Amino acid sequence: MSRTGSLSINSENIFPIIKKWLYSDHDIFMRELVSNGCDAITKLKKLSLMGEFTFPDDYKNKIEVIVSSKDKTMKFIDTGLGMTAEEVEEYITQIAFSGATDFLEKYKDNANGDEIIGHFGLGFYSAFMVADEVHIDTLSYREGAVPVHWECDGGTQYTIGEGTKTTVGTQITLFLNEESLQFANEYRAREVLEKYCSFMPTEIFLTNADAEPQYETVLKDELRDDDEVIEYIHEDAKTEEKENENGEKEVVEVTPAQEKAKIKKRPVSISDIHPLWTKHPNECTDEEYLEFYRKVFLDYKEPLFWIHLNMDYPFNLKGILYFPKINTEYDSIEGTIKLYNNQVFIADNIKEVIPEFLMLLKGVIDCPDLPLNVSRSALQNDGFVKKISDYISKKVADKLSGMCKTDRENYEKYWDDISPFIKFGCLKDSKFSDRMMDYILVKNLDGKYLTLDDFINENKKPEEAAADTAEGKTETTEKEEKEPEQITLYYVTDEVQQSQYINMFKEEGLDAVLLKHNIDHPFISHVEQKKEGVHFQRIDADVTDSFKEEASEDELKAATEALSDVFRKALSKEKLDVKVEKLKNGKVASMITLSEENRRMQEMMKMYNMYGMDPNMFGGSETLVLNANHPLVKYILEHKDAEHVDMICEQLYDLAMLSHAPLTPEAMTRFVARSNEIMMLLTK
């Protein structure tokens with residue numbers, strides 16, 4: 001006999017709020033209802049292990065989702081432990097009372113709580129975000145239990161009575177509202193289930209009740225117990241007339257007679273119940289890691305390598321992080337880290353849980369200690385969540401540093417691709433930076449990889465380097481302590497454009513490192529803060545003493561004054577900085593230098609889209625360096641008023657600029673025309 005009752009609500013007027021605001025994404029109701037079904041099945045397994053329930057021979061743990069656009073309904077059917085009428089009233093009608101919590105308390109000595117998904121008792125009511133009416137039909141596993149039917153139309157009144165269900169488990173039927181009819185569409189339902197439930201620990205099957213049944217044919221010997229046979233089919237043996245070795249024709253059997261069966265098409269589970277991250281790394285092959293990557297991220301470019309997280313202490317956390325290959329510095333390096341709770345998808349890229357720099361990677365992290373209904377505002381102040389984030393960062397640093405120590409060849413092989421991730425991590429996470437700074441690599445002009453510390457040591461004065469590497473340094477008194485040595489590290493950003501400077505460096509036995517990625521600009525500032533006395537300078541920032549011959553200061557000063565007037569007039573640049581030096585390399589006529597401070601300021605301007613601002617406002621621009629040993633410079637100095645001096649000045653300036661930065665379109669047009677004119681002079 002049916003009776004009516006009122007829902008017991010813990011807060012006044014909470015039901016309308018639950019219906020509209022329980023979750024920001026309304027499609028999440030599918031995750032909640034399927035999760036509840038998974039919990040019910042998990043609990044039944046626990047009861048079986050404890051000897052409180054025996055599975056029938058034909059039992060199959062599964063969840064069925066049946067959609068019908070015609071009836072505007074969705075059904076969620078599980079083969080879990082079901083509920084009695086008392087349990088329905090206790091778990092369903094008392095909002096915010098968690099059945100999982102009650103179950104764990106009752107069986108805390110026998111059940112593993114980490115395998116129970118729901119913890120808050122609100123998931124079921126997500127159904128009312130999309131349904132005008134919800135029915136529950138359930139039958140408990142308990143001996144002598146009677147089926148129960150419960151229904152509610154979205155108000156605070158419900159009806160409960162005896163039902164008609166004949167198998168243990170629960171069926172929830174949603175009568176969808178007009179705004180939510182999309183979810184009764186098979187393709188939309190599959191999309192949502194694949195989003196949230198692709199790795200749930202129970203097989204999930206989706207059926208379209210409105211679709212015509214589909215069939216397939218299998219060998220009779222391959223029939224399964226759950227196959228629905230439509231008819232048995234006998235296929236006679238197939239024969240062909242062939243010519244034998246003697247040239248005679250005879251009939252031979254090509255395919256033997258077969259007994260087959262036409263069956264209703266076997267359903268395919270949406271869920272992979274044993275995802276790769278749940279396995280121990282020793283059990284996984286490279287091909288399995290690659291296949292999982294392709295399946296989850298739909299990316300067919302192979303990742304460089306991966307890190308398999310597998311932790312049971314101090315908290316339960318498993319996952320796989322992939323380092324994708326970046327083809328160019330302009331590629332987007334935004335990744336996707338999918339967060340799961342007991343194989344139930346929560347969200348992508350939750351920065352409170354996952355270190356920000358790791359969001360450049362692709363991967364999955366499964367942490368059962370996190371609630372399904374993640375509130376980002378709550379997570380921001382959650383110390384436990386911060387510990388998880390720090391631990392993930394530590395494990396990644398451990399993996400990378402371990403690779404550098406034990407597999408240096410591969411570490412160098414991957415470095416150009418993984419360095420943006422590592423450098424971004426150093427900028428964003430001081431602890432990660434402390435762990436990784438000894439394993440930062442740089443590539444020198446010969447293409448050799450060195451640790452940053454090795455490169456710094458190479459650029460120290462010989463006596464300083466020897467002192468740093470000597471064993472057992474002696475203690476010094478405060479009076480004897482000296483200021484740290486100032487070390488300049490040279491770097492290259494474009495090997496082609498800066499080739500003239502690179503050649504000069506090599507001629508003098510000097511070295512520089514290649515820093516070509518956009519992340520390198522802020523990273524070198526970070527290193528300068530970390531490494532006392534270290535300063536980075538691009539190789540075209542100045543002309544070092546190593547490139548110069550000894551010369552009279554008065555002579556150079558006079559030449560500078562004279563040539564400054566000539567070049568400023570020829571180029572119509574009144575504020576042009578000109579400097580004359582005697583360079584050892586007589587083939588270099590002119591160079592452009594730009595101070596490191598100015599360059600970094602310009603980079604900052606670009607970053608903030610301040611291209612229209614005048615670089616001179618930051619203390620001057622580029623300097624034109626002229627080589628007093630070059631014939632053309634000597635000619636200008638001796639023939640200031642000659643016919644073609646202005647043309648030579650313009651050409652030397654543009655050639656210097658080309659080795660420094662690209663010319664503007666207008667300047668390039670003039671340069672090409674002038675080059676043609678100069679060649680024409682050679683024919684006269």
* Residue check for GLY509: open to solvent by 60 Å² or more (accessible area, probe 1.4 Å), under 47 Å from the mean Cα position of the chain (by Cα) and among the small types (Gly, Ala, Ser) -> yes
* Structure fact -> All-but-one check, GLU32 against (1) modelled with pLDDT under 90; (2) touching a Ser or Thr at 6+ places or on another chain (Cβ under 7 Å); (3) open to solvent by 60 Å² or more (accessible area, probe 1.4 Å), failing number (3)
* Asked: Does region 553-572 contain at least one residue that is in a loop (DSSP other than H, G, I, E, B) and at negative phi?
  -> no
* When you scan region 381-416, how many residues do you find that are touching a strand residue (DSSP E or B) at 6+ places or on another chain (Cβ under 9 Å), more than 22 Å from PHE523 (Cβ to Cβ) and surrounded by fewer than 19 Cβ atoms within 10 Å (Cβ to Cβ)? -> 3
* Could you check how many residues of region 195-250 are more than 30 Å from MET30 (Cα to Cα) and either among the charged types (D, E, K, R) or touching a Cys at 6+ places or on another chain (Cβ under 9 Å) (or both)? => 15
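How many of the residues in region 670-684 are among the hydrophobic types (A, V, I, L, M, F, W, C) and either in contact (Cβ under 8 Å) with a residue 60 or more places away in the chain or under 17 Å from ALA570 (Cα atoms) (or both)?
Final tally of qualifying residues: 3.
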* Show the residue pairs that are 6+ apart or on different chains and have beta-carbon atoms under 8 Å apart, the first residue being within region 285-301 and open to solvent by 70 Å² or more (accessible area, probe 1.4 Å), the second being not in a helix (DSSP H, G or I). => LYS301/PRO324; LYS301/LYS325
* Pairs with Cβ under 9 Å, 6+ apart, first in region 66-95 and without any contact (Cβ under 8 Å) to a residue 24 or more places away in the chain, second of a type outside the set (S, T, N, Q) and in a helix (DSSP H, G or I) -> GLU90/GLY99; GLU90/ASP102
* Structure fact -> Residues of region 642-661 being part of a loop (DSSP other than H, G, I, E, B) and at pLDDT 85 or above, in sequence order, are ALA642, GLU643, HIS644
* Asked: Of the residues in region 533-581, how many are closer than 30 Å to LYS460 by Cβ and among the polar types (S, T, N, Q)?
  -> 3
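Give me the strands (runs of 3 or more DSSP E) completely within region 148-239, filtered to those with at least 1 residues that are closer than 26 Å to ILE346 by Cβ and either open to solvent by less than 40 Å² (accessible area, probe 1.4 Å) or touching a Phe, Trp or Tyr at 6+ places or on another chain (Cβ under 6 Å) (or both), ordered by residue number.
Working: elements: 148-152, 157-162, 169-176, 203-208, 215-219, 229-235.
Correct list: 169-176, 203-208.
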* Every pair of residues 6+ apart whose Cβ atoms lie under 8 Å, when the first sits in region 176-195 and is under 14 Å from LYS70 (Cβ atoms) and among the polar types (S, T, N, Q) while the second is open to solvent by less than 70 Å² (accessible area, probe 1.4 Å) and part of a helix (DSSP H, G or I) -> none
* Asked: In region 513-552, what count of residues is obtained for those that are in contact with an Asp or Glu (Cβ under 7 Å, 6 or more places away or on another chain), over 18 Å from ARG599 (Cβ atoms), assigned to a helix (DSSP H, G or I) and not aromatic (Phe, Trp, Tyr)?
  -> 1
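For region 367-380, which positions are at pLDDT 75 or above and either surrounded by 19 or more Cβ atoms within 10 Å (Cβ to Cβ) or under 17 Å from the mean Cα position of the chain (by Cα) (or both)? So that I can check it myself, show each step before the final result.
Applying the first criterion (at pLDDT 75 or above) to region 367-380 yields 367-369.
CYS367, PRO368, listed by residue number.
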* Filtered residues of region 350-366 (kept if surrounded by 22 or more Cβ atoms within 10 Å (Cβ to Cβ) and of a type in the set (Val, Ile, Thr)) -> VAL353, ILE354, VAL364, ILE365
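Any residue in region 417-435 that is assigned to a strand (DSSP E or B), open to solvent by less than 40 Å² (accessible area, probe 1.4 Å) and either of a type in the set (Gly, Ala, Ser) or touching a residue at least 40 places away in the same chain (Cβ under 8 Å) (or both)?
The initial filter retains those residues of region 417-435 that are assigned to a strand (DSSP E or B), namely none.
No, region 417-435 has no match at all.
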* Restricting to region 242-256, what's the tally of residues that are aliphatic (A, V, I, L, M) and open to solvent by 60 Å² or more (accessible area, probe 1.4 Å)? -> 2
* Tell me which residues, restricted to region 536-555, are open to solvent by 30 Å² or more (accessible area, probe 1.4 Å) and either touching a residue at least 60 places away in the same chain (Cβ under 8 Å) or of a type in the set (D, E, K, R) (or both). => ASP542, ASP545, LYS548, GLU549, GLU550, ALA551, GLU553, ASP554, GLU555
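The values are calculated or read from the model by the stated rules, or taken from the named source; none is laboratory data. For clarity, every value in this text was computed on a predicted model and none was experimentally measured. Positions of Cβ are backbone-derived with ideal geometry, glycine not excepted, and every protein chain shown enters the neighbour counts. Surface accessibility is based on the protein's heavy atoms, side chains included, excluding ligands, DNA and RNA. Shrake-Rupley method; radii C 1.70, N 1.55, O 1.52, S 1.80 Å.
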